[in-house]
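Report on the structure given below.
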Amino acid sequence: MLHIGLFDSQIIAQNLINGADSFPLLAVPFFMLAGEIMNSGGLARRIVTVAMTLVGHVRGGLGYVAILAACILSSLSGSALADAAALAALLVPMMVRAGHSRPHSAGLIASCGVIGPIIPPSIGFVIFGVTGGVSISKLFLAGIFPGILLGLGLAVAWWWVTRNDPPSSQARAPLSEVLKALVDGFWALMLPVIIIVGLRFGIFTPTEAAVVVAVYALVVATCIYRELKLSDLPKLFISAAQTTAIVMFLVAAALVGSWLITVAEITHEIVAMVEPLIEHKTLLLLAIMAIVVIVGTALDMTPTILILTPVLMPIVKAAGIDPSISACCSSSIIPSA
């Protein structure tokens, strides 16, 4: 603003308020709260137990447990932070005791967190939908298959890393134990079904889905699993509020940057730069991915989405690419917190 001679504190204040004043963004605090409840209320632990009984016996099995659990948890909380925190606390010590190196274990868990912004519900898709004016429900449904592909890619990478490791010391779980884990984790596993069915048939909006997730997790954790006490709720509310505040300050401040991008006509310059690729959709998507990788090395997911979406969305629309496809491609390679 100083460089182009448009510094005005009133513009900053107005854009900060407008950046956070959005009904769809109410999904962010509820998804954050749902993640906190699931970690403390036993839902996340039961998801890991289900994965353990299914693939814990194969070579490097705990790594596959982490990947499978990450895919399931991603369909519950929508937060990479919540998923990574749950998996790290539960699985890293187990993986180290099983003989895996701590760097490999931590690296895998951190990589699994990237699935969080892809498989619905996703906080990243909520922010992208608000910023780019794209249907959030459509984004949610478009993220299922790319998220599964990410999980498969991580599984292949983990197989390569552990191909020379000794066989797993854990025996294959008998069918009775698998069924017991599925029954015990039934209420946690039902949550993604409720979300997908509710969104697909228009029972609730993505913002309302976040409330459904939080309330459902609270009821299951307190009334069914009974691992969460009402006296624990203030601590969870504070933790969710702190994380939400960080995200919402980024969202609010990024709108100032978006306004400046528009005023400075940076969009037109970038459009001119990639205009030769508009007729070649694949090359254009590869160029967008390269830009996101470069920016993502310095910025977290939220500011990257908020800054690049106003710049790249006109290009994507001009090329005739479905915005939900570009969102999935970009979100899957943004380094996650």
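Take the conditions under 20 Å from Leu191 (Cα atoms), among the aromatic types (Phe, Trp, Tyr) and touching a residue at least 40 places away in the same chain (Cβ under 8 Å) and apply them to Phe30. Does it pass? Working first, answer last.
On the way: under 20 Å from Leu191 (Cα atoms): yes; among the aromatic types (Phe, Trp, Tyr): yes; touching a residue at least 40 places away in the same chain (Cβ under 8 Å): yes.
Answer is yes for this residue.
Please determine, by comparing only the residues of the range 174-188 that are assigned to a helix (DSSP H, G or I) and in contact with a helix residue (DSSP H, G or I) (Cβ under 7 Å, 6 or more places away or on another chain), which one is surrounded by the fewest Cβ atoms within 10 Å (Cβ to Cβ).
Narrowing the range 174-188 to residues assigned to a helix (DSSP H, G or I): 175-184, 186-188.
When the remaining residues are screened for being in contact with a helix residue (DSSP H, G or I) (Cβ under 7 Å, 6 or more places away or on another chain), the result is 177-178, 181-182, 184, 187-188.
Values: Glu177: 13, Val178: 15, Ala181: 20, Leu182: 15, Asp184: 16, Trp187: 19, Ala188: 27.
In this case the residue turns out to be Glu177.
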(request) Among the numbered conditions (1) more than 30 Å from Ala88 (Cβ to Cβ); (2) under 20 Å from the mean Cα position of the chain (by Cα), tell me where Met32 comes up short. (result) (1)
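When only residues in the range 12-38 that are over 30 Å from Leu73 (Cα atoms) and touching a helix residue (DSSP H, G or I) at 6+ places or on another chain (Cβ under 7 Å) count, which is surrounded by the fewest Cβ atoms within 10 Å (Cβ to Cβ)?
Filtering the range 12-38 for residues over 30 Å from Leu73 (Cα atoms) gives 12-18.
Keeping just the survivors that are touching a helix residue (DSSP H, G or I) at 6+ places or on another chain (Cβ under 7 Å) gives 12, 15-16, 18.
Values: Ile12: 15, Asn15: 18, Leu16: 17, Asn18: 13.
Among those that are over 30 Å from Leu73 (Cα atoms) and touching a helix residue (DSSP H, G or I) at 6+ places or on another chain (Cβ under 7 Å), it is Asn18.
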(message) Could you check the range 260-288 and list, in sequence order, the residues that are within 28 Å of the chain's Cα centre (by Cα) and small (Gly, Ala, Ser)?
(response) Ala287
(message) I'd like to know if the range 82-103 contains one or more residues that are buried (at least 24 other Cβ atoms within 10 Å of the Cβ), not acidic (Asp, Glu) and not in a helix (DSSP H, G or I).
(response) no
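In this structure, is Ala70 part of a helix (DSSP H, G or I), without any contact (Cβ under 8 Å) to a residue 24 or more places away in the chain and aliphatic (A, V, I, L, M)?
Details: part of a helix (DSSP H, G or I): yes; without any contact (Cβ under 8 Å) to a residue 24 or more places away in the chain: no; aliphatic (A, V, I, L, M): yes.
Considered against the rule, which asks whether it is part of a helix (DSSP H, G or I), without any contact (Cβ under 8 Å) to a residue 24 or more places away in the chain and aliphatic (A, V, I, L, M), Ala70 comes out as no.
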(message) Could you go through the range 105-126 and let me know if any residue there is part of a helix (DSSP H, G or I), buried (at least 16 other Cβ atoms within 10 Å of the Cβ), free of Cβ contacts under 8 Å to residues at least 60 places away in the same chain and β-branched (Val, Ile, Thr).
(response) yes
(request) Kindly check whether there is at least one residue in the range 262-281 that is part of a helix (DSSP H, G or I), closer than 24 Å to Ile118 by Cβ and either touching a residue at least 60 places away in the same chain (Cβ under 8 Å) or not basic (Lys, Arg) (or both). (result) no
(message) Condition first: among the β-branched types (Val, Ile, Thr), out of contact with any Asp or Glu (no Cβ under 9 Å at 6 or more places or on another chain) and modelled with pLDDT of 80 or more. Now tell me which residues in the range 110-130 satisfy that.
(response) Val114, Ile118, Ile119, Val126, Ile127, Val130
(request) Residue by residue through the range 136-161, note down the ones that are under 16 Å from Ile196 (Cβ atoms), surrounded by fewer than 16 Cβ atoms within 10 Å (Cβ to Cβ) and either of a type in the set (Phe, Trp, Tyr) or more than 17 Å from the chain's Cα centre (by Cα) (or both). (result) Phe145
(message) Just to confirm my filter: which helices (runs of 4 or more DSSP H) fall fully inside the range 1-60 and include at least 1 residues that are within 17 Å of Ala85 (Cα to Cα)?
(response) 27-40, 43-55
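Out of Arg59, Arg45, report the one residue that is more than 30 Å from Trp259 (Cα to Cα), surrounded by fewer than 23 Cβ atoms within 10 Å (Cβ to Cβ), in contact with a Pro (Cβ under 9 Å, 6 or more places away or on another chain) and of a type outside the set (A, V, I, L, M, F, W, C).
Working: Arg45 fails: in contact with a Pro (Cβ under 9 Å, 6 or more places away or on another chain).
Of the residues listed, the single one that is more than 30 Å from Trp259 (Cα to Cα), surrounded by fewer than 23 Cβ atoms within 10 Å (Cβ to Cβ), in contact with a Pro (Cβ under 9 Å, 6 or more places away or on another chain) and of a type outside the set (A, V, I, L, M, F, W, C) is Arg59.
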(message) I want to confirm something. Restricting to the range 203-233 and keeping residues that are outside any helix (DSSP H, G or I) and free of Cβ contacts under 8 Å to residues at least 40 places away in the same chain, which single residue is surrounded by the most Cβ atoms within 10 Å (Cβ to Cβ)?
(response) Phe204
(message) Looking only at the range 234-275, filter to residues that are surrounded by fewer than 16 Cβ atoms within 10 Å (Cβ to Cβ) and among the polar types (S, T, N, Q); which one of those is nearest to Leu26 (Cα to Cα)?
(response) Gln242
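The values are calculated or read from the model by the stated rules, or taken from the named source; none is laboratory data. This is a predicted model, so every value here is computed, not measured. Using ideal geometry, Cβ is built from the backbone for each residue, glycine included, and neighbour counts are taken over all protein chains shown.
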